[in-house]
1. What about B:Leu152, is it hydrophobic (A, V, I, L, M, F, W, C) and more than 10 Å from chain A (Cβ to nearest Cβ)?
2. Would you mind stating whether B:Ala163 is of a type in the set (A, V, I, L, M), over 15 Å from the mean Cα position of the chain (by Cα), within 7 Å of chain A (Cβ to nearest Cβ) and surrounded by fewer than 22 Cβ atoms within 10 Å (Cβ to Cβ)?
3. Go through segment B:166-178 and give me each residue that's free of Cβ contacts under 8 Å to residues at least 40 places away in the same chain, crowded, with 16+ Cβ neighbours inside 10 Å and not aliphatic (A, V, I, L, M).
4. Kindly indicate whether A:Leu180 is within 8 Å of chain B (Cβ to nearest Cβ) and on the phi < 0 side of the Ramachandran plot.
5. Output the residues belonging to segment A:98-113 that are at the interface with another protein chain (Cβ under 9 Å from one of its Cβ atoms) and assigned to a loop (DSSP other than H, G, I, E, B).
6. Out of all the residues in segment A:40-71, which are under 18 Å from A:Leu132 (Cα atoms) and either small (Gly, Ala, Ser) or without any contact (Cβ under 8 Å) to a residue 40 or more places away in the chain (or both)?
7. Scan segment B:88-129 for residues that are free of Cβ contacts under 8 Å to residues at least 40 places away in the same chain, of a type in the set (D, E, K, R) and closer than 30 Å to A:Phe99 by Cα and jot them down.
8. Is one or more of the residues making up segment B:104-112 touching a His at 6+ places or on another chain (Cβ under 9 Å) and either closer than 15 Å to B:Leu193 by Cα or surrounded by 23 or more Cβ atoms within 10 Å (Cβ to Cβ) (or both)?
Protein chains: 2
Amino acid sequence: MRVGILGTGVVGQTIGGKLVELGHDVRLGSRTATNEKGATWVAQHGSRASQGTFADAASFGEIIFNCTSGTVSLEALRSAGADHLAGKVLVDVSNPLDFSRGMPPTLSVCNTDSVGEQIQRTFPDAKVVKTLNTTNTAVMVDPAVVPGDHDLFICGNDADAKATVSELLRSFGWRTIIDLGDISASRGVEMLLPLWLRLMGTFKTATFNFHIARS
Amino acid sequence: MRVGILGTGVVGQTIGGKLVELGHDVRLGSRTATNEKGATWVAQHGSRASQGTFADAASFGEIIFNCTSGTVSLEALRSAGADHLAGKVLVDVSNPLDFSRGMPPTLSVCNTDSVGEQIQRTFPDAKVVKTLNTTNTAVMVDPAVVPGDHDLFICGNDADAKATVSELLRSFGWRTIIDLGDISASRGVEMLLPLWLRLMGTFKTATFNFHIARS
């Protein structure tokens, strides 16, 4: 599959690397077509890897991953272009962490709205699927680094889009993927971040994940 | 131990009932000394159970549980009286769920503050411990109703107060109690509620709980 990834940070690079490893063709996008982190990543990942602008990556992908910070995702997606997103599955991995008030970060949107919902409202022709935002990057692409049962959350308005993304997630190694329903569940998973950050501080590691125990 | 419980709703009644069962003397408090739900509860729980005003319950207790809704907790605690809370362990079980905008509820405070922090700021001489707010009432007092490993969160500024509450929680059956640090972690556990509510809708049951999987 051809995958466009918006964002050349650790999240974009890691998900992109995993997808290349699994045989997909991946283009990382950023503000500029010659982004340095993107160039290094391309050099490391062989012929299936390429880079370009946000619009280049979105145009290239049959499926798009938003791996930009949730505080700038709408801006990045506007650069990518609504036409390049229309009809496509858009996987939103972002969190609206605002570090401008100091530590711990606050959320730039929450409670009555979320980044996932904002993206779906702004790009109504994209099939937005929110997932992967509740785990550390290393865990995202290799869930087995955390021992025992643990779960991933997914939500979105389009059942087929969630099925497509779930298949990809299973190829990453995810076993339990909990479908929370429509995109408004983004609120719940994004608001998990303050607890996630606190747990990271408590355990002094990001290698953990949530599991829902039930009968 | 003498325990004062503020709130005669399901949470207050259930925690109160468990404490009586464990041999503690419990007084439920509400706005009025003759609250009907309180009277029924007292009639069902024998000589260790009593009721009164918020101030009666707070004055009676060596340890106090705030089981009022987080949207009115400060008001209830002011009625209880700062003098009756000073120097005591005050267990805050509340969530600031605001149903006035319709379903799903929003939080009346979050992101940059929390009910736990508001209570500690308003009653600086109380030793506020936030816990139990992330599980259903039935699970609170009988964690074994959820199979497998699952965890409870606790936070607060006073280590001795957390130790006292943890001992009480272990007598309820809790095995893993994760200490998230000072009372500012209330933010994280209260912001878990939107996801909790979504999970309840997904699973069609409230008999579940969070577990943190880690190495």
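1. So B:Leu152 passes the test.
2. Working: of a type in the set (A, V, I, L, M): yes; over 15 Å from the mean Cα position of the chain (by Cα): yes; within 7 Å of chain A (Cβ to nearest Cβ): no; surrounded by fewer than 22 Cβ atoms within 10 Å (Cβ to Cβ): yes.
Judged against the criteria, B:Ala163 is not a match.
3. Scanning segment B:166-178 gives B:Ser166, B:Trp174.
4. yes
5. A:Arg101, A:Pro104, A:Cys110, A:Asn111, A:Thr112
6. Of segment A:40-71, the ones under 18 Å from A:Leu132 (Cα atoms) are A:63-71.
Scanning segment A:40-71 gives A:Ser69, A:Gly70, A:Thr71.
7. B:Asp98, B:Arg101, B:Arg121
8. No: zero hits.
Read the figures in this text as sums done on the coordinates, not as results from a lab. Here the structure is a predicted model, which is why all the values come from computation and not from measurement. Cβ atoms come from the backbone with ideal geometry, glycine included; neighbour counts cover every protein chain shown.
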